[in-house]
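The values are calculated or read from the model by the stated rules, or taken from the named source; none is laboratory data. Nothing here was measured: the structure is a model prediction, and the numbers come from that model. Glycine also receives a Cβ, built like all others from the backbone with ideal geometry; neighbour counts cover every protein chain displayed.
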Amino acid sequence: MSTKLPINLTDLLRQRTVEGERIEYKTGWNPDAIIRTLCAFANDFENLGGGYVVIGQDCDANGQPVFPPVGLADNQLDKIQQELLAACQLIQPQYFPVLSIEEVEGRKLIVLWAPGGQNRPYKAPEAVTANKKTWRYYIRRYSSTVEAKGEAEQDLLSLAARVPFDDRYNQSARIDDLSKPLMQAFLQEVGSTLAEDAPGLSVEALARQMNVAGGPAESPWPKNVGLLFFNETPERFFPGVQIDVVWFPEGAGGDRFEEKIFKGPLARMTREALSYIQRNFLRETVIKHPNRAEATRVWNFPYAAIEEALVNAVYHRSYEEREPIEVRINNEELVILSFPGPDRSIRLEDFPAGRAVSRRYRNRRIGEFLKELDLTEGRSTGIPKILKVMAANGSPAPLFESDEDRLSFVIRLPCHPLARPVPPKVTGEVAPEVTPEVAPEVVRVVLALQEELSRTGLQQALDLKDEKHFRKAYLLPALDSGLVEMTRPETPRSSKQRYRRTALGKRWLELHSDTGKDRK
């Protein structure tokens with residue numbers, strides 16, 4: 001039976017072009033090889049979220065898909081589905097992928113989505129068509145399906161009955177605890193064709209197609225990952241699922257602090273916390289030089305490094321722990337604390353060298369959704385990116401800390417020594433030295449926002465006709481400056497999106513009260 005994929009096939013083929021651990025292209029129906037690969041994806045040995053088999057798609061010698069694809073004839077589709085059903089029953093225990101018939105450039109393809117199975121390890125016959133069958137365990141090694149032998153087989157067998165926490169059924173919740181609007185919003189954001197059919201599906205049917213629910217028809221259960229992403233109050237099921245941002249204006253040893261707590265669906269919570277940090281605590285310092293025209297620009301904390309560190313904490317924390325993720329900020333450093341620490345297979349000395357690589361991800365399904373939302377790459381690239389971004393900004397090297405028992409993980413991002421301090425917030429004072437350079441286009445946007453305005457309203461207020469020029473030269477720089485913000489940062493493309501001045505924008509106008517006279 002054909003269904004819809006939870007992601008966009010064009011994106012799958014054109015943007016993730018190289019055949020790898022999570023995708024395999026087959027020119028035609030080859031039951032022996034395809035069943036072995038489905039078995040390997042079901043075993044999900046590296047906890048990457050399974051994978052995809054695209055039948056009817058040829059590729060070149062470098063593993064890149066060729067367009068237009070060779071495709072499948074209409075009279076082949078039913079025959080392949082019938083043979084696939086019979087062949088999948090030979091996998092032990094039985095495993096059936098999600099099948100979707102898709103069309104690319106006028107050619108029909110069969111796409112098999114094979115998420116990691118609930119009952120691994122799985123084994124499949126070496127040859128489906130052989131009279132005497134020999135069953136083997138199969139896993140993925142880079143872009144190949146191979147038999148699990150020796151230590152690999154022992155490791156695979158040790159995974160039996162060890163379904164990761166985020167992929168388990170939650171029997172304290174009901175299927176109606178999953179929010180259909182949140183699921184639909186996700187599908188629309190990632191460009192899934194399933195978004196077109198979602199309005200006509202029940203919550204259970206949609207959740208099953210997205211693999212965030214399962215169980216028998218008479219007693220369906222949501223999975224933990226579904227409740228984390230698609231429930232408005234996941235902390236009801238997982239106490240401690242929140243991000244605490246704490247500001248210490250006098251330093252960590254001072255008596256004063258400000259705290260803001262972020263809760264809600266995982267992706268929204270993460271984005272809102274990042275947006276709050278960006279608006280309120282990130283400052284660019286411009287240093288002019290008498291002997292050259294070009295000024296030096298540095299940030300106290302580069303945003304990209306904070307984003308990687310915080311998303312890393314959301315991805316790899318334990319959702320069985322009741323401790324929140326904590327972001328502690330002062331004028332000396334920004335610290336992100338999460339529980340527990342990194343896998344014991346990673347040596348702490350590998351972090352500053354950018355060699356911290358673990359393929360035993362704690363939350364493979366959470367990583368899968370974060371990857372679809374472009375919040376993470378899921379390929380152990382986060383730590384190298386933090387190192388690279390901090391170095392590019394001229395900041396001191398970040399520090400990575402954990403205790404001997406790996407009970408917690410701390411990432412410290414030191415403030416750039418030339419950066420201005422964050423202005424005090426607790427007393428409402430305005431630091432006189434915080435006067436960032438602002439482009440004339442940004443000044444016009446700030447002045448125009450006497451009230452919340454839509455994109456079209458703001459563009460009309462500025463008397464600008466070209467939408468592309470308005471976005472590039474006015475709107476995006478205004479948002480990047482921290483003087484302007486969205487009212488709905490979690491849904492940037494919402495039809496109800498409005499723009500307004502931030503607290504920093506209002507303070508900036510107070511310091512430049514004559515700006516309106518000069519630059520209106």
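Among the residues of the stretch 28-56, those identified as part of a loop (DSSP other than H, G, I, E, B) and either closer than 15 Å to VAL128 by Cβ or at pLDDT 95 or above (or both) are GLY28, TRP29, ASN30, GLY56. Per this entry, LYS133 is counted among residues that are assigned to a loop (DSSP other than H, G, I, E, B), over 33 Å from the mean Cα position of the chain (by Cα) and among the basic types (Lys, Arg). For the stretch 167-192, a residue qualifies if it is in a loop (DSSP other than H, G, I, E, B), of a type outside the set (S, T, N, Q) and more than 21 Å from VAL111 (Cα to Cα), and the qualifying residues are ARG168, ALA173, ARG174, LEU178. Looking only at residues in the stretch 54-111 that are among the polar types (S, T, N, Q), under 28 Å from the mean Cα position of the chain (by Cα) and more than 18 Å from LEU5 (Cα to Cα), which one is surrounded by the fewest Cβ atoms within 10 Å (Cβ to Cβ)? My answer is ASN62.
Of the strands (runs of 3 or more DSSP E) contained entirely in the stretch 223-324, those carrying at least 3 residues that are within 21 Å of the chain's Cα centre (by Cα) fall at 243-247. Hey, among the residues in the stretch 153-172 that are surrounded by fewer than 12 Cβ atoms within 10 Å (Cβ to Cβ) and not hydrophobic (A, V, I, L, M, F, W, C), which one's modelled with the lowest pLDDT? So, considering only residues that are surrounded by fewer than 12 Cβ atoms within 10 Å (Cβ to Cβ) and not hydrophobic (A, V, I, L, M, F, W, C), the one modelled with the lowest pLDDT is ARG162.
The residue that is farthest from LEU9 (Cα to Cα), among those in the stretch 30-53 that are surrounded by fewer than 16 Cβ atoms within 10 Å (Cβ to Cβ) and touching a residue at least 24 places away in the same chain (Cβ under 8 Å), is ASP32.
Could you pull out the residue among ILE243, ILE261, ILE175 that is under 30 Å from ARG328 (Cβ atoms), hydrophobic (A, V, I, L, M, F, W, C) and surrounded by fewer than 22 Cβ atoms within 10 Å (Cβ to Cβ)? Unique residue meeting the criteria: ILE261. The residues on offer are GLY200, GLY251, and the sole one that is surrounded by fewer than 16 Cβ atoms within 10 Å (Cβ to Cβ) and assigned by TED's automatic domain parsing to the domain that holds ARG364 is GLY251.
A count restricted to the stretch 247-269 and to residues that are under 19 Å from ASN312 (Cβ atoms) and touching a strand residue (DSSP E or B) at 6+ places or on another chain (Cβ under 7 Å) stands at 2.
Every residue, every condition in (1) polar (S, T, N, Q); (2) more than 22 Å from the chain's Cα centre (by Cα), yes or no:
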{"position": "PRO164", "(1), (2)": "no, no"}
{"position": "SER179", "(1), (2)": "yes, no"}
{"position": "LEU182", "(1), (2)": "no, no"}
{"position": "SER202", "(1), (2)": "yes, yes"}
{"position": "GLN209", "(1), (2)": "yes, no"}
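Scanning the stretch 70-89 for residues that are touching a helix residue (DSSP H, G or I) at 6+ places or on another chain (Cβ under 8 Å) and either among the hydrophobic types (A, V, I, L, M, F, W, C) or modelled with pLDDT under 95 (or both) yields a total of 4. Restrict the check to the stretch 54-77 and report whether at least one residue is in contact with a Leu (Cβ under 8 Å, 6 or more places away or on another chain) and under 13 Å from CYS39 (Cα atoms). The answer is no; no qualifying residue exists. Checking ALA124, ALA195, ALA152 one by one, the residue that is of a type outside the set (Asp, Glu), assigned to a helix (DSSP H, G or I) and in contact with a helix residue (DSSP H, G or I) (Cβ under 8 Å, 6 or more places away or on another chain) is ALA195 and no other. Among the residues in the stretch 434-443, are any at pLDDT 85 or above and in contact with a Pro (Cβ under 9 Å, 6 or more places away or on another chain)? Yes: one or more hits.
One residue is enough: does the stretch 247-258 have a residue meeting the conditions hydrophobic (A, V, I, L, M, F, W, C) and at pLDDT 95 or above? Checking the stretch 247-258: not a single residue is hydrophobic (A, V, I, L, M, F, W, C) and at pLDDT 95 or above.
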